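Scroll down for the structure; my scribbles are underneath it.
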Amino acid sequence: MSEFLVQATKDPRVMTRLQDELDILDEAQRARMRHLMAMGGHAFIAADVSDLEGEEAYAIAEVDHA
């Protein structure tokens, strides 16, 4: 189970793409996200979904602690 949660869309293809972006974060990036959230900040993740939409498109979602 991932350390972070994303609630962005009901489209499982987009959710998978966003989760993939979270999975490739290194430990330093994860630590910065945890620190930002601990200070009350908001973290976001973006994923290129152009191949799913047939045109240039990006999914952006807020990330929460799991």
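The values are calculated or read from the model by the stated rules, or taken from the named source; none is laboratory data. This is a predicted model, so every value here is computed, not measured. Every residue, glycine as well, gets a Cβ built from its backbone with ideal geometry; the counts of neighbours run over all protein chains shown. Surface accessibility is based on the protein's heavy atoms, side chains included, excluding ligands, DNA and RNA. Shrake-Rupley method; radii C 1.70, N 1.55, O 1.52, S 1.80 Å.
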Report task. Hey, can you find the accessible area per residue of the chain for me, probe 1.4 Å, expressed in square angstrom? Result -> 68 Å²
Report summary line: Descending packing, highest mean Cβ count within 10 Å first, for 26-33, 13-20 is 13-20, 26-33
Query raised in the report: Which shape class, rounded, prolate or oblate, goes with the chain when its Cα gyration tensor gives a ≥ b ≥ c as root eigenvalues, a/c under 1.5 marks rounded, and past that a/b bigger than b/c marks prolate?
Result: prolate
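Summing Lys, Arg as +1 and Asp, Glu as -1, what charge do residues with Cβ under 11 Å from the Cβ of Leu52 carry, Leu52 excluded? Could the numbers behind the result be given before it?
Numbers: positive: Arg13, Arg17; negative: Asp11, Asp48, Asp51, Glu53, Glu55.
Charge balance in the 11 Å sphere: -3.
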**Report entry** For Val63, distant residues with modelled amide H under 5 Å away
**Finding:** Ala43, Phe44, Ile45
Query - Share of carbon and sulfur in the accessible heavy-atom surface of the chain [1.4 Å probe, %] - result: 53 percent
Query raised in the report: Got a sec? Which residues in the stretch 34-66 would a label at Thr16 touch, if it sits 7 Å along Cα→Cβ and we count backbone N under 15 Å?
Result: 48-53
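Sum -39500 (n - 2.57) across every DSSP H segment of at least 4 residues in the chain, then divide by the residue count to get the 222 nm mean residue ellipticity, nearest 500. Intermediate results must be reported in sequence, preceding the final value.
On the way: 3 runs with 28 residues, N = 66.
After summing the helix terms and dividing by residue count, I get -12000 deg cm²/dmol.
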